Structures are given as C-alpha cells and as structure tokens.
Amino acid sequence: MSSSRAQSFIHTVLQNSANPAPLSIVKPNGHGQAPVNIALSKYWGKRDAELNLPINGSVSISLPGLGTTTQISVFEGNEDWISLNGKTLPAGDKFAKRLSAFLGWFRKSSTTAFKVDTTNSVPTAAGLASSASGYAALVFALDDLFGWQLSKSQLSLLARFGSGSASRSVYDGFAIWHKGDSDNGLDSFAEEINVTWPEFTIGLVKVDTQEKSIGSTLGMQQTVETCDLYQSWPQQAERDIHNIHQAILNKDFTTLGKTAEHNALSMHATMIATWPPIVYWQPESVAAMHVVWQLRENGVEVYFTMDAGPNLKLILLDTDKQAVLNAFKEINRPIEFIQPFKG
Ligand code: DP6
C-alpha cells in the first residue's frame, strides 16, 4: 500500500475537505447510502490499475430502492471489523481484504481500525453491481464520519478509486463517467445527466444470483491482455456513450435501447474472445435474449443489457410492461420492474 501516486491522488482530493484535519473524525458514526446502477454503455478495461482509471467512459442509470446502506466508526486496533448483511466477515475474506485495503488510505495511524456495517438490498456479486453501490455508500459514510462535505464529483473520484462503476452510483438517475485523460486521475469522475424520464423502465430478469465465477477486476484485466477483438472496443465505447448521452437528452428511446444492447453484446464478445474464455451467459440467459428479440419482432420495443453475470436487465417503456411480463411468463421467468423516476 505504499503507492505515492495513489497517496497523492487521495491527498489532492482531501484538500477540498471542509475539515482541515480530514482524517480526524467529527462524529462517532458515519452513515452512507447509495443505489446500484446499470451501465447502458459499459466500462470494461483499465488504463491504470493503481489509480483505477478506465480505458473508456460509460453511462448508467441508478435504481432507487436497490443498493447499499453503510455505517462506519473508528476504534483503536490492528484489524478492521467488517460485517456484510449482518454477518461478521473473517479477516481473510476476499471482500473484507479489498475493503480494508481501500480504508487503508483513510487511517489516521497504524492503530486506527474501522468498524463497518454494510447491508445490501441486492445479492452480493451476482452481476447486479453491488460493488458499485457498496463503494459509493462507503465514501458517503466516510464523508459523514470525517465531515469532509466534498462535492459529488469529488466523492465520485473517491468511489471510482474503490471500484470503477461506483463512480456512477454517487448519483440517482442517469450518470456519465468521463474516462479522463490525465495521469493523476483527477479528471476521471462521473456527473449527473439532468433528465427525468418517468416512463423509462428497467426489468430485472434473474437467471442466477450465485457469486460469479470471475470478478470484473480480473476479467477485464485478462480481456485487455489476451483479446485481439478488444482493440476495437475503446472506439465503439466512446461512440456509444456519445450516442446514448444524446439519446437520453432527446428522450430518443429507440437509439438508446439499440445502442445499449449492441454495446453490451460487443463487451461480451470481447469477454468470450478472451483466453481463458470468460462466458457469463447461461442457457437461460440466451433463452431470455430470444424472448426479447421475439418481442421486438412482434412490435414490442424492449432491449436488454448484461454485466459480468448471467442476469438480463431489460430496457423498456412502462406502456410495454404487461406484454413483456406475459412473454417471460411463457419461459417461467418472473421480472421485477423498476421505474427510476417514479417514486
Ligand atoms: C461489466 O466497477 O466492478 O459491470 O473497477 O475493477 O471494481 P472495478 O470493476 P467494476 O466493473 C464493472 C464492469 C461492468 C460494466 C459497468 O458497470 O460499466
């Protein structure tokens, strides 16, 4: 953990803190809460692993009501105490180790330990982006505990440092994560896209909520290292984020849906062409894709996107909910609909 670049990144962000001693707590407990987000144009590949900087930008929609709630406090000790969904994690646990390494950047001294109590309302590591809401909620909780009062873009920078997709979970609604160009990582953060779209609907098709075989961090590293098809990805991704951003501003549902589905399938194509291959799909995932394509043939405008897991996230307008529900009933798949802009 002795990286001077990462140290200077954190130091520069915390220079904006309202608390002149940013690693001294201002209250006994910090609280944070953040939603999961679904990328409509995906992040896949890092240009800098140390600062967690992406090769390409991305665009997302946050899902209110699904996410993470975190409480944090400090105590004198040598080891953090981390609880996930009511269960205390053993020190060697993968999730706990990654969290502790992140928290290491915010310790006042070597005997500062953190007590973290975090609860997800989505299955952890099931491709429903719980690391995104997790790191965003954690950063909000740290901001509260240390009285930083940082802006959303500063908090997005810190969340990104924990997990890339977390940069977008700092916001409700649509967000765009700019990949940034600078080596210091200070221009790679997400911003809100200020559009309210009440009819916009996401449908969650759960195929499997077990922990995935390979996590995104390792998966994207292997793709960048071994996949020849990946050469064309950054260019497509930048074009897609531009088109999706415009489509959101114009409420052009067709362009948004087509571009998002094509983007997700292109990302998965690079995963499949990685060695060893990364195939998150299960037979039920492919069956669900066919239902979507059949619905479109029948004039129902629904699209899908998928992340590092077998579950589909449908993109539709609320008027088509019933038709979509009926079609998926035929393959015995229930759907959970979420309208991000409807309370
Ligand atoms: C497929 O944000 O989990 O969901 O930065 O290594 O923590 P790290 O990766 P992570 O990757 C998410 C990948 C994705 C696409 C996306 O959400 O944009």
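Take the residues in the range 37-55 that are within 10 Å of the ligand (Cβ to nearest atom) and part of a strand (DSSP E or B); name whichever of them is surrounded by the fewest Cβ atoms within 10 Å (Cβ to Cβ). Give the steps one after another, and end with the answer.
Pass one, the range 37-55, residues within 10 Å of the ligand (Cβ to nearest atom): 37-46, 49, 52-54.
Going one step further and asking which of them are part of a strand (DSSP E or B), we end up with 37-41, 46, 53-54.
Numbers: ASN37: 32, ILE38: 26, ALA39: 28, LEU40: 30, SER41: 29, LYS46: 17, LEU53: 22, PRO54: 25.
Out of the qualifying residues, it is LYS46.
Hey, which of the helices (runs of 4 or more DSSP H) in the range 185-276, taking only ones fully inside, have at least 3 residues that are under 23 Å from SER62 (Cβ atoms) and polar (S, T, N, Q)?
233-250, 253-272
Could you say whether any residue in the range 70-81 is within 16 Å of the ligand (Cβ to nearest atom) and touching a residue at least 24 places away in the same chain (Cβ under 8 Å)? I'd like the intermediate steps shown before the answer.
Quick first cut of the range 70-81, residues within 16 Å of the ligand (Cβ to nearest atom) only: none.
No, every residue in the range 70-81 fails to be within 16 Å of the ligand (Cβ to nearest atom) and touching a residue at least 24 places away in the same chain (Cβ under 8 Å).
Taking the range 174-221, which residues are of a type in the set (S, T, N, Q) and either at pLDDT below 95 or within 12 Å of the ligand (Cβ to nearest atom) (or both)?
Those that are of a type in the set (S, T, N, Q) and either at pLDDT below 95 or within 12 Å of the ligand (Cβ to nearest atom) (or both): SER188, THR209, GLN210, SER213, SER216, THR217, GLN221.
Residue-by-condition table, conditions (1) of a type in the set (Asp, Glu); (2) farther than 24 Å from GLN149 by Cβ:
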residue: ILE25; (1), (2): no, no
residue: LYS46; (1), (2): no, yes
residue: SER58; (1), (2): no, yes
residue: SER62; (1), (2): no, no
residue: GLU76; (1), (2): yes, yes
residue: LEU99; (1), (2): no, no
residue: ALA113; (1), (2): no, yes
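Taking the range 285-343 as the search range and keeping residues that are in contact (Cβ under 8 Å) with a residue 60 or more places away in the chain, more than 16 Å from the ligand (Cβ to nearest atom) and polar (S, T, N, Q), which one is nearest to LEU218 (Cα to Cα)?
Among them, the one singled out is GLN339.
Can you pull out the residues in the range 1-31 that are among the polar types (S, T, N, Q) and open to solvent by 80 Å² or more (accessible area, probe 1.4 Å)?
Our first condition is that a residue be among the polar types (S, T, N, Q); within the range 1-31, this holds for 2-4, 7-8, 12, 15-17, 19, 24, 29.
Answer for the range 1-31, where residues must be among the polar types (S, T, N, Q) and open to solvent by 80 Å² or more (accessible area, probe 1.4 Å): SER2, SER4, GLN7, GLN15, ASN16, ASN29.
Please determine whether any residue of the range 72-81 is part of a strand (DSSP E or B), exposed (fewer than 15 other Cβ atoms within 10 Å of the Cβ) and out of contact with any Cys (no Cβ under 6 Å at 6 or more places or on another chain).
Yes: one or more hits.
I'd like to know if the range 152-162 contains one or more residues that are at pLDDT below 95, within 13 Å of the ligand (Cβ to nearest atom) and assigned to a helix (DSSP H, G or I).
Among the residues of the range 152-162, not one is at pLDDT below 95, within 13 Å of the ligand (Cβ to nearest atom) and assigned to a helix (DSSP H, G or I), which makes the answer no.
The values are calculated or read from the model by the stated rules, or taken from the named source; none is laboratory data. Keep in mind that this is a model prediction, so the values were computed, not measured. Heads up, the Cβs are rebuilt from the backbone with ideal geometry, glycines too, and the neighbour counts pull from every protein chain shown. Note: accessible area is taken over every heavy atom of the protein model, side chains too, but ligands, DNA and RNA are not part of it. Shrake-Rupley method; radii C 1.70, N 1.55, O 1.52, S 1.80 Å.
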